[in-house]
Amino acid sequence: MSRIRGTLDIARPVEEVFDFVADQRNEPAYNPRMTASTMLTDGPVGVGTRFAATVLSRGKPLGVTIEVTGFDRPRRMATRSVMAGAVVEGEVRLEPTSGGTRFSWDWTVTLGGPGRFAGPAIALIGRHQERTIWTGLKHHLEQDVSGEAQGEKRADAQRDETERHGVDG
């Protein structure tokens, strides 16, 4: 069994980060290893919601079933992910900060079969992969803000130009 933990700050409101992360269908947008994710259950995301995802493992597709096991919007979401040879259980926690959100993850990886002897190596690889995934989330959410800000600046400039020349669009 290996434990993988980490924390980073995201310059977005805690509710926005939580809602985006809670819907696992968004993960392929920021996790380069996840190629697909679909919701298997009906209704809003909450305890009992299940997703089927495909991740790349050593370049090959691997099916993963993800179940939400704890849900306290916008502070905490726990999941259990099952794939061939491994079960990953844990949670993400979100805390509001003056600059946005402090985002933390804490996972326990349990390996089955011959892989169970690779625990230390899996922990090292897992720490790097999780940092990459959540840094991808940070960049994705913060980039959207930059894109929105740029779009707003362009719209403001266009509006100013129109007002100066008295011309519509």
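The values are calculated or read from the model by the stated rules, or taken from the named source; none is laboratory data. Bear in mind that the values here come from a model prediction, so they are computed numbers and not experimental data. Cβ: placed from backbone, ideal geometry, glycine included. Neighbour counts: every protein chain shown.
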Item checked: Filter result for the condition that a residue is at pLDDT 95 or above, over 19 Å from Arg127 (Cα atoms), buried (at least 16 other Cβ atoms within 10 Å of the Cβ) and touching a His at 6+ places or on another chain (Cβ under 9 Å), over Phe20, Phe51 -> Phe20
Next item on the list: Answer yes or no as to whether Val88 is within 16 Å of the chain's Cα centre (by Cα), of a type in the set (Val, Ile, Thr), part of a strand (DSSP E or B) and closer than 16 Å to Gly136 by Cα.
Entry: no
Note to self: So Ala78 passes all but one of these: (1) assigned to a strand (DSSP E or B); (2) more than 19 Å from Leu137 (Cα to Cα); (3) in contact with an Asp or Glu (Cβ under 8 Å, 6 or more places away or on another chain); (4) at pLDDT 95 or above. Which condition number does it fail?
What the structure shows: (2)
Notebook entry, point to check: Which of (1) within 18 Å of Trp105 (Cα to Cα); (2) surrounded by fewer than 19 Cβ atoms within 10 Å (Cβ to Cβ); (3) among the charged types (D, E, K, R) is the odd one out, the single condition Glu27 does not satisfy?
Noted result: (2)
